[in-house]
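Novice: I'd like to ask some things about the structure below.
The values are calculated or read from the model by the stated rules, or taken from the named source; none is laboratory data. Predicted model only: the values in this text are computed from it and were never measured. Methodologically, a virtual Cβ is constructed for each residue, glycine included, from the backbone with ideal geometry; neighbour enumeration extends over all protein chains shown. Heavy atoms of the whole protein, side chains included, go into the accessibility calculation; ligands, DNA and RNA do not. Shrake-Rupley method; radii C 1.70, N 1.55, O 1.52, S 1.80 Å.
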Amino acid sequence: MTPATHRARAPRTTHPAALNTETGSGAATAPVTGTAPATGTGHAPCHHGELLQGVFRDADGRRCAGLVTLPLAGPGSRADFVRRPGTPPEALTVVPGDRGKAARAARLAVTECARQVGLPPSGGQLRLIGDVPVGLGMGSSTSDVIATVRAVADAYGLRLAPEAVARIAVRAERASDPLMLDARPVLFAQREGRTLEVLGPALPPLVVVGCVLGGGVPVDTLALPVREATDADVREYERLRTLLRRAIASGDVRLLGHVATASARRGQQALNHPEFETLTAIARRSGAAGVQIAHSGAVAGVLFDPAAPGDLRRRVRACRHALNTHGIPTTRTFTTKESLDGPAHRRGDRPARPDTSRRPSRLPAL
């Protein structure tokens, strides 16, 4: 950002509730004016796959695809958007040029933010940097999209409500992870951009040994087989939902691990990871509570209860050694407390490491 750009930067509102796009009445308290460029910045985290994913019933009894993600502090996306008033909205460039979903999100966000402040939509330049591995099921595209929406809003002096960000994200990429929300565990309808249920204030403490299946080769989620959920499937997903709610309320890591493992096993119907049985066997021998996998990728985790009797460090070391010995590369070991207390959730934004642009999935990036 040049000094001139900084001086022209739009003032920010200080009350996000005044910017609620649900009602359409969220004009900024200090609207953007002038014709000088204005720069905005946005950040978004990623996640480590799902604890539960399936088809559930909403409050009206309607079937909805839904998921519960496992937060991960660390990798993320950063977006910088330079708004150029007076240029047509189609004059929008994106760097790198292959971020089609982020480009769609930028156009949608420009339209919404310009409407809120009472200005015509304009073009600009979006620049993305981040370190979320692509294709492993860690929400790399959603991270890009949410960082983009936040950057565009920032350039207009706005902070959009999470519900508004979610709607734009779903329109931009058809299905979105709940990375625009805080760290509370939620059942999120990823194709509709709405929360079906807040399952509790926080996940119980977990230690997660991360790994990747299939050698870390990216998964083409669009090529996965689509199977229509039966009534029996929905009943089972609802049963797992009830158990997960109970596990979170009581802090029962063993029960949470049971739910995550059952969900991962059902996900095998589409993913068919050849290492899955080996992964679950290693988890049992290591005294873990269970396993979780990305239902649209290759990232997985072995879940440990840090309060369980015995030497946790020894169990984690044994698990990592067994995974690597069986050709399942380990990545990082992290905790849910790290995700809750880390900078990823301070005021809803967290800076990504800006040293490199998005790379193809490489294990050292984890």
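Novice: Please tell me if Pro85 is touching a residue at least 24 places away in the same chain (Cβ under 8 Å), out of contact with any Pro (no Cβ under 6 Å at 6 or more places or on another chain) and open to solvent by 10 Å² or more (accessible area, probe 1.4 Å). First the steps, then the outcome.
Specialist: Details: touching a residue at least 24 places away in the same chain (Cβ under 8 Å): yes; out of contact with any Pro (no Cβ under 6 Å at 6 or more places or on another chain): yes; open to solvent by 10 Å² or more (accessible area, probe 1.4 Å): yes.
Yes.
Novice: Go through segment 111-134 and give me each residue that's aliphatic (A, V, I, L, M) and in contact with a Pro (Cβ under 8 Å, 6 or more places away or on another chain).
Specialist: Initial filter on segment 111-134 (aliphatic (A, V, I, L, M)): 114, 117, 119, 126, 128-129, 132, 134.
Result: Ala114, Val117, Leu119, Leu128, Ile129, Val132, Val134.
Novice: Moving on. How many residues are open to solvent by 70 Å² or more (accessible area, probe 1.4 Å) and of a type in the set (S, T, N, Q) if we restrict to segment 294-325?
Specialist: The qualifying residues number 2.
Novice: Here's a follow-up. Within segment 121-140, count every residue that is farther than 20 Å from Pro178 by Cβ, part of a loop (DSSP other than H, G, I, E, B) and open to solvent by less than 10 Å² (accessible area, probe 1.4 Å).
Specialist: Total meeting the criteria: 2.
Novice: List pairs: first in segment 299-320 and in contact (Cβ under 8 Å) with a residue 12 or more places away in the chain, second part of a helix (DSSP H, G or I) and open to solvent by 20 Å² or more (accessible area, probe 1.4 Å), Cβ under 6 Å, 6+ apart or cross-chain?
Specialist: The qualifying pairs are Pro306/Leu312.
Novice: Would you pick out the residues in segment 275-298 that are more than 13 Å from Ser263 (Cα to Cα) and either within 25 Å of the chain's Cα centre (by Cα) or in contact (Cβ under 8 Å) with a residue 12 or more places away in the chain (or both)? Quick ask: steps written out before the conclusion?
Specialist: Of the residues in segment 275-298, the ones more than 13 Å from Ser263 (Cα to Cα) are 275, 277-279, 281-289, 297-298.
Those that are more than 13 Å from Ser263 (Cα to Cα) and either within 25 Å of the chain's Cα centre (by Cα) or in contact (Cβ under 8 Å) with a residue 12 or more places away in the chain (or both): Glu275, Thr278, Leu279, Ile282, Ala283, Arg285, Ser286, Gly287, Ala288, Ala289, Gly297, Ala298.
Novice: Ok, one more. Report, by residue number, each residue of segment 164-178 that is open to solvent by 10 Å² or more (accessible area, probe 1.4 Å) and either hydrophobic (A, V, I, L, M, F, W, C) or not in a loop (DSSP other than H, G, I, E, B) (or both).
Specialist: Arg167, Ile168, Val170, Arg171, Glu173, Ala175 - these are the residues of segment 164-178 that are open to solvent by 10 Å² or more (accessible area, probe 1.4 Å) and either hydrophobic (A, V, I, L, M, F, W, C) or not in a loop (DSSP other than H, G, I, E, B) (or both).
Novice: Return yes or no: is Arg350 assigned to a loop (DSSP other than H, G, I, E, B), open to solvent by less than 80 Å² (accessible area, probe 1.4 Å) and modelled with pLDDT under 95?
Specialist: On the way: assigned to a loop (DSSP other than H, G, I, E, B): yes; open to solvent by less than 80 Å² (accessible area, probe 1.4 Å): yes; modelled with pLDDT under 95: yes.
The answer is yes for Arg350.
Novice: Separate question: State which residue is modelled with the highest pLDDT when the search covers only segment 203-226 and only residues that are at positive phi and open to solvent by 20 Å² or more (accessible area, probe 1.4 Å).
Specialist: The first filter runs over segment 203-226 and keeps only residues at positive phi, leaving 214-216.
This time we only want the ones that are open to solvent by 20 Å² or more (accessible area, probe 1.4 Å), so: 214-215.
Numbers: Gly214: 86, Gly215: 76.
Applying the filter and picking the extreme gives Gly214.
Novice: For Pro178, state whether it is on the phi < 0 side of the Ramachandran plot and in contact with a Lys or Arg (Cβ under 7 Å, 6 or more places away or on another chain). If you could, list the steps in order and put the result at the bottom.
Specialist: Working: on the phi < 0 side of the Ramachandran plot: yes; in contact with a Lys or Arg (Cβ under 7 Å, 6 or more places away or on another chain): no.
The answer is no for Pro178.
Novice: Within segment 272-293, which residues are surrounded by fewer than 22 Cβ atoms within 10 Å (Cβ to Cβ) and either on the phi < 0 side of the Ramachandran plot or among the hydrophobic types (A, V, I, L, M, F, W, C) (or both)? Working first, answer last.
Specialist: Just the residues of segment 272-293 that are surrounded by fewer than 22 Cβ atoms within 10 Å (Cβ to Cβ), to begin with: 272-278, 280-281, 284-287.
Result: His273, Pro274, Glu275, Phe276, Glu277, Thr278, Thr280, Ala281, Arg284, Arg285, Ser286.
Novice: Would you mind telling me which numbered condition in (1) in contact with a helix residue (DSSP H, G or I) (Cβ under 7 Å, 6 or more places away or on another chain); (2) in contact (Cβ under 8 Å) with a residue 24 or more places away in the chain Val253 fails?
Specialist: Failing condition for Val253: (1).
Novice: Do the conditions hold for Ser357, that is, is it open to solvent by 50 Å² or more (accessible area, probe 1.4 Å), modelled with pLDDT under 95 and of a type outside the set (A, V, I, L, M, F, W, C)? If you could, list the steps in order and put the result at the bottom.
Specialist: Values: open to solvent by 50 Å² or more (accessible area, probe 1.4 Å): yes; modelled with pLDDT under 95: yes; of a type outside the set (A, V, I, L, M, F, W, C): yes.
Considered against the rule, which asks whether it is open to solvent by 50 Å² or more (accessible area, probe 1.4 Å), modelled with pLDDT under 95 and of a type outside the set (A, V, I, L, M, F, W, C), Ser357 comes out as yes.
Novice: Being at positive phi and at pLDDT 95 or above is the filter here; which residues of segment 55-75 pass it?
Specialist: So the first thing to find is which residues in segment 55-75 are at positive phi, and the list is 61, 74.
The answer is Gly61, and nothing else.
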